[in-house]
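Enquirer: Let me give you the structure first, and then I'll get to my questions.
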Amino acid sequence: MASSSSSTTMLLLLALFLALFSLLAAANFDQDFQITWGDGRAKILNNANLLTLSLDKASGSGFQSRNEYLFGMIDMQLKLVPGNSAGTVTAYYLSSKGSTWDEIDFEFLGNLSGDPYTIHTNVFSQGKGNREQQFHLWFDPTADFHTYSVLWNPRHIVFSVDNTPIRVFKNLESFGVPFPKKQPMRIYSSLWNADDWATRGGLVKTDWSKAPFTASYRNFNAKNACVWSNGKSSCSSNPTSSSSWLSQELDLTSQKRLRWVQKNYMIYNYCTDAKRFPQGFPLECTRS
């Protein structure tokens, strides 16, 4: 009995330690981000461990990271607008500036109550995008927080949801396909009205009687990322074991999960849209 009691005490202490460690390690939104627009509709709450964006008929809201990054493993937990979210878009993305910008996009397209959200993904390199892939999810993204991640390294860009990869965009520069690797990017997010296109191509409009619409964010993590400052990266030019993500590939389990998602939950892939590309698919589609 004494041994059992001692083991229970040790487990309780371990659980307490892990909870405290998690609290200390949690993102501090005041330190990592700044609210950029919304006239008070964006809020940092709970000792800077929670950020919310809101949208009403007058305006949406948004924020951006204080740091710029050139490669990284970047996680954010989101809980999307619940209920009738038709017409709304929650955008979460990385982007550089200028006319030949790079960009890595998650966009969450709202829908009528009970209908699934659409995850819209895109990759821009040197100002060129039009690389859309869209997915539904295997859970309700409004009921709880889920982790949406980008692994961006010199080999590829991997979009993941709860550690399950849903899309890979490979570096195919050797075949003439531009790849984002020279322009540092900030993280941005916004909640805005796009009822001219977001839901069923704009057929379903935003129901403003349901406003304000709110999306929530927590547990940002960019510890494995290269911060760009004063023209220099925080990462070594020679990756070590502590930065193995810089050369990380998908293992066999991740490849299997990727195929499962793309078989069961992908609803649009530009690389199979023959009507859109009557002269032939983009190079990355034929080489991936």
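Nothing in this text is a laboratory measurement; each read-out follows from the coordinates by a stated rule. For clarity, every value in this text was computed on a predicted model and none was experimentally measured. Counting neighbours? That spans all protein chains shown, and the Cβs are built from the backbone with ideal geometry, glycine included.
Enquirer: Using 0.36 nm times the number of residues separating CYS285 and ILE267, minus their current alpha carbon distance, what extension gain do you get? Numbers along the way, then the final one.
Expert: On the way: separation 18, 0.36 × 18 = 6.48 nm, distance 1.66 nm.
This chain segment gains 4.8 nm when fully extended.
Enquirer: Please give me the summed charge of the neighbours of THR199: other residues whose Cβ is under 11 Å from its Cβ, Lys and Arg +1, Asp and Glu -1.
Expert: -2
Enquirer: What does the charge count near SER95 come to, summing +1 for each Lys or Arg and -1 for each Asp or Glu among other residues with Cβ under 9 Å from its Cβ? Intermediate results must be reported in sequence, preceding the final value.
Expert: Details: positive: LYS97, ARG186; negative: ASP102, GLU103, ASP105.
In short, -1.
Enquirer: Taking a cut-off of 20 Å between Cα atoms, list the aspartates and glutamates near LYS275, but don't count ones fewer than 8 places away on the same chain.
Expert: Filter leaves GLU132, GLU284.
Enquirer: Who wins for biggest fluctuation among ASP140, ASP32, ASP251 in a Gaussian network model of the chain, springs between alpha carbons below 10 Å?
Expert: Of the options given, ASP251 has the highest mean-square fluctuation.
Enquirer: Then there is this: Which of the listed residues, GLY40, VAL161, GLN133, is farthest toward the dipole's positive end in the chain, when Lys, Arg count +1 and Asp, Glu count -1 at the beta-carbon?
Expert: GLN133
Enquirer: Among ARG200, ARG218, ARG186, which one shows the biggest mean-square fluctuation in a GNM of the chain, springs joining Cα atoms closer than 10 Å?
Expert: Result: ARG200 has the largest fluctuation of those listed.
Enquirer: Take the residue pairs LYS43/LYS182; LYS182/LYS263; LYS79/LYS210; LYS57/LYS263; LYS170/LYS223; LYS170/LYS263 and return only those whose Cα atoms are more than 26 Å apart.
Expert: Details: LYS43/LYS182 33 Å; LYS182/LYS263 33 Å; LYS79/LYS210 17 Å; LYS57/LYS263 38 Å; LYS170/LYS223 23 Å; LYS170/LYS263 19 Å.
Beyond 26 Å between Cα atoms: LYS43/LYS182; LYS182/LYS263; LYS57/LYS263.
Enquirer: Of LYS79, LYS205, LYS57, which has the largest mean-square fluctuation in a 10 Å C-alpha GNM of the chain?
Expert: LYS57
Enquirer: In debye to the nearest 20, how big a dipole does the chain give about its Cα centre with +1 on each Lys and Arg Cβ and -1 on each Asp and Glu Cβ? If you can, show how the numbers build up before the last one.
Expert: On the way: 27 positive and 23 negative charges, 101 e Å.
Using Cβ point charges on Lys, Arg, Asp and Glu, the chain gives about 480 debye.
Enquirer: Per DSSP helix of 4 or more residues, -39500 (n - 2.57); summed, then divided by the residues of the chain. What does that give at 222 nm, rounded to the nearest 500?
Expert: Values: 4 runs with 46 residues, N = 288.
Only helices count here, giving -5000 deg cm²/dmol.
Enquirer: Now for a different question. Taking Cα pairs under 8 Å and at least six residues apart, what relative contact order does region 142-288 come out at, in percent? Before the final figure, lay out each step's value.
Expert: Working: 119 pairs, mean separation 35.4, N = 147.
Averaging sequence separation for qualifying contacts and normalising by length gives 24 percent for region 142-288.
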